[in-house]
Structure formats: structure tokens, C-alpha cells
Amino acid sequence: MKAAERINAVINLECPDRVPLAPLLDHWAATYTGITNAELMSDPDKRFNAVLKTAIDFKWDMSFLADTVNTTLLKLGVPARLKLPGIDLPERSEHQFDEKEVMTEEDFDILESDGLIALFSKLIPRIYPEMTVESAMTDFARASTEITDQAAWLRENGIEPAVGFVIPGPSFEYFCFARSINVALTDLRRRPEKLKIAGKRFCHDMLDLAIASSGQNNIGRVFIGLSRSSPVFLSNKLFEAFVLPDLEVLVNGLMDANITPVFHCDTNWTKFLHYFQRFPKGKCIIELDSFTDIFKAKEILGGHMAIMGDVPSTLLAEGTRDEVMCYCKKLIEEVGGGGGFILSSGCSVPLNAKVDNVRAMSESIDEWG
């Protein structure tokens, strides 16, 4: 089987010839290839070459294009000021976001009536006074072309690109960045109908962008970020009222366009795993970051949805090769049993991961996959 065939088999809940390997790669590409994190985030060619070398050296079936450290995508997709290595931070550090309340209550009305681009044109000058809407659109078009080219080059080397677009998440996730998390949580109580109506417009507009971008780069998977919608922050009642309707809009829209949603679940989602049973069987991937109980996920979602994960970042950074091998063996045998499993890192491969530990993931596939 080729890499793309393995990934598709897993999504369809079939057994591929072996378990596919697809860690989430961003800053560790700089660590492994010897460039700085500042270079990784500022130079698209160096970023892609670092991704390509890493994916080839470790025999990955699927790789992210370091989408989560693409400066243009981060600036345009996350409504909080991006602090960059080499400018705001040491050149060998990870980026950060300076989260402040940049979106006003009145901006909900702008989003509802005029859409996401109109909201974007209001937020950009507040977050990045040096940036214009016109320059932002030019940057986005350039980044889209780069991703299309890079995806083709990755495939020429037998590696499947992971996602064709990154949706920050349901509207609550976006509002948490734009309003700050404390204010966004307060909004759920003080202005619930405004959030629901504006959130629906957000989802439809974001969906249009995702479908158009995936059509351009020919990658039939879209990342949906999920962290502050988890039971760590929300009750079942609030999740059902504010998050689940957004997810249904996004998932149904992507499926109608023949695109696979990839739920990227940061923090502990164990208590909310049952909600994912609502989505059609054999059409989605849920990606877990080691805080969620992946073995419980297998019990609840195995045979319904592909599961991706979940070698913890602490294990990759601080564990031994044998400990990584042992954990991967358990994942392959218990979560991968019967198919529907992609071996991956728990969220991103950490900046300080040991080379031998990352290599152990590949070796575990050779041994037991």
C-alpha cells in the first residue's frame, strides 16, 4: 500500500497493510534539521525542506507541513498578536500569543450582518497596526500557493500531506482568542443568543474558506482545533448549546464537499468523547494529545471514527527509547487492533524531543505495526 492508501483505509475503518505513522510536526523540524525556530517561521523554503527531510528520514506516511508554525496562517487565523522567535522571543524558542480583548461586543453584530472578512478588517488594525487588510489578503494568497506546491512535492516523495486548511475551531474557540478566555466564558452567560447567531455566521464563512483552500491544494482533510471547548472549560450543557451546533455545521459542510474533518483535541476530552458518535461513521479522524484517555476513546469510538495519537510529549522529550517503544506497542496492539488507527505524537512533537525517541516510533511500526 502507498501512504495515501493507508490513510484512506484507516479513515474508512479498514485494516491497512500496516499502521500508518503521522506525527504532528512543527518546531521539532527546526531542532532536527539544525535551523533556528526563527528561520522555520520566517522562511517558507527552509520550513518545507525541514519538514521534508524529517518526514523522509523517519519514514512517515503523512506529515503536517508545519501548518501550526506558518506565520501567515497564524496571524490571519488567530485573533491575538503573535510573538515570534527572533523578534519578540529568543530565536530558538517556540512562538507565543499575547491574548487580549481585541473584539468588542459590537463586533458580534458586524460578524452576524457582514461576515468574517468584515470582522477581520476590524480586528487586524487592533492586533497588527502595521498590517493592512490588503497586505493580509496578499500574504494569504501567497501562503496558499506555497502550500499547494509543498503538498505536491511531499507527495512526490511518497508522503501524504496531513491537512489542506486549519479551522481554529468552532466559534467559541475563536472568541476565546479574540475576547480572551475569561471574557468569552462570561459571554456565554451574558449574551448567549448573540454568540449563537454570530457563531453560525462564523462557521459558514470559515467553511467556505476551508473548502476553497482544500480544493486548491487537493488535500481532502481539514483540521478543526478543539481545546477550550473541552470539559476542562465547559459543562455538558454549555457544550451542547454553543459548541456542538457549530461542529455539526462544520462537519456536515466538509463532508458534503467530500473532505474529512480532523478533530484536533487538546486537553482532556474523555468526558465528551460520546458526542463524537453523533457524526457519520467512517468519515472523520479524532486526534488526541495524551491528556484524553486514548484507550477509552477506543472503547467509545473504535469502529466508528479513526483515532490518531498519542505518544506523549513528555515521553518523547524525557523518556527512554525503550519506554517509547513499549508505549507504541501498546497503542498499536490495543488501539490499532482491528484497524482505524494512526500512530502519532500527542499533539506536536516537542521542541526538545530526543532523536532516538522519535526514531523509536518508526521502529515500533517496523516491529509491530
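Listed values, structure above:
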| quantity | calculated |
| --- | --- |
| Subset of the stretch 328-350 that is assigned to a helix (DSSP H, G or I) and not β-branched (Val, Ile, Thr) - its residue that is nearest to Glu287 (Cα to Cα) | Leu331 |
| Within the stretch 105-199, helices (runs of 4 or more DSSP H) holding 2 or more residues that are over 18 Å from the mean Cα position of the chain (by Cα), in contact (Cβ under 8 Å) with a residue 12 or more places away in the chain and within 28 Å of Arg6 (Cβ to Cβ) | 133-156 |
| Test result for Ile307, in contact with a Phe, Trp or Tyr (Cβ under 7 Å, 6 or more places away or on another chain) and either assigned to a helix (DSSP H, G or I) or without any contact (Cβ under 8 Å) to a residue 24 or more places away in the chain (or both) | no |
| Sole exception among (1) touching a Ser or Thr at 6+ places or on another chain (Cβ under 6 Å); (2) farther than 22 Å from Gly164 by Cβ; (3) buried (at least 17 other Cβ atoms within 10 Å of the Cβ); (4) of a type outside the set (Ser, Thr, Tyr) for Ala80, by number | (1) |
| In the stretch 3-50, the residues that are assigned to a helix (DSSP H, G or I), of a type in the set (D, E, K, R) and closer than 22 Å to Asn258 by Cα | Glu5, Arg6 |
| So Glu248, is it surrounded by fewer than 17 Cβ atoms within 10 Å (Cβ to Cβ), over 24 Å from Met103 (Cα atoms) and charged (D, E, K, R) | yes |
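Residues are listed down the side, and each one gets a yes or a no for (1) closer than 30 Å to Thr148 by Cα; (2) surrounded by 17 or more Cβ atoms within 10 Å (Cβ to Cβ); (3) more than 14 Å from the chain's Cα centre (by Cα); (4) touching a residue at least 24 places away in the same chain (Cβ under 8 Å):
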{"position": "Arg221", "(1), (2), (3), (4)": "yes, yes, no, yes"}
{"position": "Asn252", "(1), (2), (3), (4)": "yes, no, yes, no"}
{"position": "Ile259", "(1), (2), (3), (4)": "yes, yes, yes, yes"}
{"position": "Trp269", "(1), (2), (3), (4)": "no, yes, yes, yes"}
{"position": "His274", "(1), (2), (3), (4)": "no, no, yes, yes"}
{"position": "Cys284", "(1), (2), (3), (4)": "yes, yes, no, yes"}
{"position": "Ser290", "(1), (2), (3), (4)": "no, yes, yes, yes"}
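Here, each number is a calculation from the coordinates, and none is a lab measurement. Since the model is a prediction, treat every value here as computed from it, not as a measurement. Cβ atoms come from the backbone with ideal geometry, glycine included; neighbour counts cover every protein chain shown.
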